Amino acid sequence: MPTETEIDVLVLGGAGVDSIVYVPELPLPYADSYMVPAIDMRAGQTGDFVAMGVQALGLRTHHIDVIGDDHEGDLVRALHRERGIPFTEVLQRGGTKRAVNLVGPDGRRLSLYDNSRSQDADRLPPATVGALASVSRHAHVSLTHPCAFALPTLRAAGVSVSTDLHNWDGSEPYHEAFAYEADLVFLSATALTDPEKTMRQIAARGRAQAVVATAGAEGAHLLVGGELFHVPAVTPPAPVVDSNGAGDAFASGYLFGRLAGESPLRCARYGAIAGAYACTVPATGTDVITRDQLLALSAESQRT
């Protein structure tokens, strides 16, 4: 178990494996078969990418999740070893989370999640979560089943909490525990007809001091102190090839700024830079922006 002050960001959940399939277009018209360039499997789902993201930005990171005693679990373990990210694993008898990502030529992604791997009884041990949280500056909670039950333990430990609701529509009940128990909430505006309404709903009903709704090429919306700000999109430093992991990168950049004591607007700017960088990385890769790259791109954008 880590010693005092060892962890800047404790990441809960979101460990798994994706199979990447590049398709000629999305939505994919019905056909009996398609020839595709390749089908690649690699470790890395939302929690993995946040853990890699904050680690690369110089934050001391620890990841905890349920994974299986299987090949996919071995890939997750290997990823954490290679990146030097401490990983506390809890056995998931149903197996390691996995998904198939269909990626179109424009970088858009459609994810198909294997729902058979999770079981109702899956939990992160409260004693373990509590011990880790007690020596952490911040906890980022993935939107996966066992993590909802860890929220009271995190609250009892007094650690600040963030979460990513991904493409929440503002009404699906499953997301509410995450939305209303976090101090910092990220979500995508993709499924929202009125992003501001949902953001204010989160702030009014929950604990959130800041809410961020990302909107791809349109930038992001930031609600803080009751005031709504628009955060412009950042021009990617290379051609856009894939949007996979952009939201996780945004969260990582924002957390880097937050733990450095930056203003919410500067944090969101860091998030936009990290998210834009992620769009230049193929879905088959796990490259993430480093602290030096982020600060250099931030300084460059201020000069232009």
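The values are calculated or read from the model by the stated rules, or taken from the named source; none is laboratory data. The structure displayed is predicted, hence computed values, not measured ones. All Cβ positions, even for glycine, are placed from backbone atoms using ideal geometry, and neighbour counts span all protein chains on display. SASA here: full protein model, heavy atoms, side chains in, ligands and nucleic acids out. Shrake-Rupley method; radii C 1.70, N 1.55, O 1.52, S 1.80 Å.
Annotations for the structure displayed:
- DSSP bridge orientation in the stretch 149-294 - percent antiparallel, rounded to nearest 5: 55
- Theoretical ellipticity at 222 nm over the chain - DSSP helices of four or more residues, -39500 (n - 2.57) apiece, nearest 500: -10000 deg cm²/dmol
- Springs join every pair of Cα atoms under 10 Å in this Gaussian network model of the chain, and among Tyr254, Tyr30, Tyr174 the largest mean-square fluctuation is at Tyr30.
- Averaging 1/r over every pair of different alpha carbons in the stretch 1-91 and inverting the result gives a Kirkwood radius of 14.8 Å.
- Gaussian network model of the chain, springs between alpha carbon atoms under 10 Å - residue of Ala274, Ala203, Ala238 with greatest fluctuation: Ala238
- DSSP assigns beta bridges within the stretch 1-157; of those with both partners inside it, close to 30 percent run antiparallel.
- Options Ala157, Val185, Tyr22, ranked by Cα towards positive dipole end of the chain, top entry (Cβ charges): Ala157
- Considering only alpha-carbon pairs that sit under 8 angstrom and 6 or more positions apart, the relative contact order computed for the chain is 17 percent.
- For the stretch 79-176: span of alpha carbons on each principal axis (Å, largest first): 44, 37, 27
- Mean Cβ neighbour count within 10 Å, used as a protection proxy, ranking 36-44, 145-153 highest first: 145-153, 36-44
- 14 Å beta-carbon shell around Asp106, net charge (K/R +1, D/E -1): 0
- Rounded accessible area per residue of the chain, 1.4 Å, Å²: 45
- Options Pro126, Leu57, Ala43, ranked by Cα towards positive dipole end of the stretch 1-134, top entry (Cβ charges): Leu57
- Computed over the Cα atoms of the stretch 237-304, pair by distinct pair, the Kirkwood hydrodynamic radius stands at 11.8 angstrom.
- Using alpha carbons only, the radius of gyration of the chain set against its Kirkwood radius gives Rg/Rh = 0.94.
- Stokes-Einstein diffusion coefficient of the stretch 175-304, Kirkwood radius over Cα pairs, 4 °C, 1.567 mPa s, in µm²/s: 87
- P(r) for the stretch 67-126, from all Cα pairs and a bin width of 5 Å, is 4, 16, 19, 20, 18, 14, 6, 2, 0 %, short bins first.
- Apolar share of the accessible surface for the stretch 178-304: 51 percent from carbon plus sulfur atoms, 1.4 Å probe.
- In this Cβ point-charge picture (+1 for Lys and Arg, -1 for Asp and Glu), the chain has a dipole of about 660 debye about its Cα centre.
- Given charges at beta-carbon only (K, R positive; D, E negative), |dipole| of the stretch 1-68 in Debye: 60
- Net dipole in debye of the stretch 72-172 [+1 Lys, Arg Cβ; -1 Asp, Glu Cβ; about Cα centre; nearest 20]: 280
- C-alpha center-to-center spacing [the stretch 78-104, the stretch 283-304] in angstrom: 25
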